[in-house]
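The values are calculated or read from the model by the stated rules, or taken from the named source; none is laboratory data. Because the structure is predicted, anything quoted here is derived from the model rather than measured. Quick reminder, even Gly has a Cβ in these numbers, built from the backbone with ideal geometry, and neighbours come from all protein chains shown. The protein model used for the area step is the full one, side chains on, heavy atoms only, and it has no ligands, DNA or RNA in it. Shrake-Rupley method; radii C 1.70, N 1.55, O 1.52, S 1.80 Å.
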Amino acid sequence: MATHDTDPQDRARFGRLLGAGIWLFFLGNPLGALIRNDNQLERWTGLASLAVFVPVYLYGLAHIPEFHLHRRRLHAWTYIAVLVACFAVIVPGAGDSSTTCLVFITALAVAILPKLEALAVVIVMFAGITAASYAVEDWSAHGNNFAVLLAAAAVWSFRLAWQRQAKLMAAEQDLSELAVQEERARIARDLHDILGHSLTVISVKAELAERLFDDDPVRARAELEDLQRLSRDALADVRSTAQGIRGISLPGEIASARMALESAGIEPSLPTVADDVPSRWRELFAWTLREGVTNVIRHSQATRCEVELDPDRIRVSDDGRGPCPDDGSGNGLEGLRQRARLAGATVTTSAGPGDRGFSLTVSVPA
């Protein structure tokens with residue numbers, strides 16, 4: 001049989017009821033006084049009121065969060081009023097023992113009322129019990145006036161603890177939602193970069209295979225085989241990205257860039273090794289190389305592409321037609337800027353060498 005976890009709110013409600021239920025033992029004072037009362041009317045009306053008092057008190061404590069989250073001020077005062085009315089009916093039959101009920105009323109008031117109103121209830125209850133012990137003949141406070149203060153302090157501490165817990169839970173939920181949003185943005189950014197590069201290379205190779213189909217069928221077949229491989233690789237990259245295990249290597253991107261540029265008829269000038277680049281920057285430089293080369297093939301109409309690779313910088317430049325209106329604002333470059341920002345790096349775009357073409361540079365802290 002499958003088991004289901006108890007809802008956290010239900011567990012918290014059960015905990016409050018259990019903690020409050022222990023203290024109901026003290027209602028034995030008015031209960032005993034009512035049972036000993038010889039007046040049948042006072043006894044039974046008092047017992048009936050006490051029977052209403054207990055569930056109303058427990059129900060109010062069980063729903064403390066609702067009073068605060070939904071600001072049900074009128075409902076809170078309704079609960080207090082019902083309990084006070086029950087207390088008033090209990091008084092004739094229980095006498096001064098009935099003041100024990102005021103301790104419970106104070107506890108509920110501190111739990112569900114706004115701060116100042118709860119403080120006012122505490123003061124009124126303390127003063128009322130104390131004054132009654134002097135004003136009414138044969139009445140004693142039985143220490144209930146000071147019990148009011150102790151109950152108020154105890155419940156107030158629990159209230160503060162609950163509020164802190166509620167804030168922590170809200171913060172945790174916000175962090176979870178933010179993490180989900182960041183993960184979605186990461187996947188979207190990676191998919192854009194992966195598919196943009198792969199589909200660009202596939203498109204270039206498809207055009208090359210079409211041109212070679214009649215003149216050089218052997219090479220055309222080789223290009224078609226490359227298309228199949230690239231398609232499978234792109235699909236694998238998409239799957240791994242969706243699973244959160246996507247990773248690219250700088251040496252692999254150098255080799256891929258060389259192949260892609262040559263297929264597009266662009267002369268590549270690329271480094272042969274990436275050993276000088278610290279490991280912490282290699283993934284960022286690999287994404288930079290992929291985005292830069294993809295833009296060169298797509299937009300530049302260049303004949304040459306040069307990549308400069310240093311330990312703290314990578315630069316991709318071409319001799320093409322230069323910046324176009326959407327350079328620097330596309331999804332690819334914006335995604336690269338986000339990666340760089342997270343890594344503490346900077347992205348710079350400018351004209352290429354000799355004020356020709358386009359240049360993309362990513363610099364990292366030395």
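Sorting 22-33, 293-304 by their mean Cβ neighbour count within 10 Å, with the most densely packed peptide first, gives 293-304, 22-33.
Couplings for the range 258-274, taken from phi via the Karplus curve 6.51 cos²θ - 1.76 cosθ + 1.60 with θ = phi - 60°, read 4, 5, 5, 5, 5, 5, 7, x, 10, 6, x, 10, 10, x, 8, 9, 10 Hz in order; Gly and Pro are left as x.
Note on the range 139-184: Cα convex hull, mean projected area over all directions, 3.2 nm². Applying the Karplus relation 6.51 cos²θ - 1.76 cosθ + 1.60 with θ = phi - 60° to the range 116-126 yields 3J(HN,Hα) values of 5, 5, 5, 4, 4, 5, 4, 5, 5, 5, 4 Hz, where x marks Gly and Pro.
Counting only Cα atoms, the range 72-175 measures 61, 24, 20 Å along its principal axes, largest extent leading. Most tightly packed first, judged by the mean number of other beta-carbon atoms within 10 Å of their residues, the peptides 307-313, 93-99, 168-174 read 93-99, 307-313, 168-174.
Three semi-axes describe the equivalent ellipsoid of the range 22-61; taken as square roots of 5 times the Cα gyration tensor eigenvalues and ordered largest first, they are 21, 12, 4 Å. What the phi angles of the range 137-143 give under the Karplus curve with 6.51, -1.76 and 1.60, with θ = phi - 60°, is a coupling list of 5, 6, 9, 10, 6, 6, x Hz, glycine and proline written as x.
The order of the peptides 212-220, 154-162 by mean Cβ neighbours within 10 Å, most packed first, is 154-162, 212-220. A 1.4 Å probe run over the range 66-143, with the rest of the protein chains in place, finds 50 Å² accessible per residue.
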